[in-house]
Amino acid sequence: MPASPLLSLDDFCHLIANELQLDLGAVRPEARFVEDLLVDSIRMVDLLLRLEEMQITFPIEAMWDVKTVEDAYRAYMQGASAGGQAPAEARAG
């Protein structure tokens, strides 16, 4: 099976906004999850579990350094280069 195309940063922001039910305008690369998007640890874990269900994986060690949407995107890219794929829902969307 061929590898799925990777999500662009813009597509990743759309996915995060959708999953967290946030206004897309608020989900910018520099937006901080806790301070700007008001995502507490429980919501962050829930987000990671939902993304994992979509076959989006993140290296666990990278997650300790995730503060912004761009940090999360970098972790996604790191996970994708290790064998993860873009979700069918995000690619079709």
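No value in this document is a laboratory result; all are computed from the given coordinates. Just so we're clear, the structure is a prediction, and the values are computed from it rather than from any experiment.
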For the range 71-79, in order, what is each residue's ³J(HN,Hα) by Karplus, 6.51 cos²θ - 1.76 cosθ + 1.60 with θ = phi - 60°, in whole Hz (x at glycine and Pro)?
-> 4, 5, 5, 4, 5, 4, 4, 5, x
Placed amide H near Ala31: partners under 5 Å, 5+ positions off or other chain | Val69, Glu70
Note, the range 20-37: 3J(HN,Hα) by Karplus (6.51, -1.76, 1.60, θ = phi - 60°), whole Hz, Gly/Pro = x, goes 8, 6, 10, 5, 4, x, 7, 8, 9, x, 7, 5, 8, 4, 6, 6, 9, 9
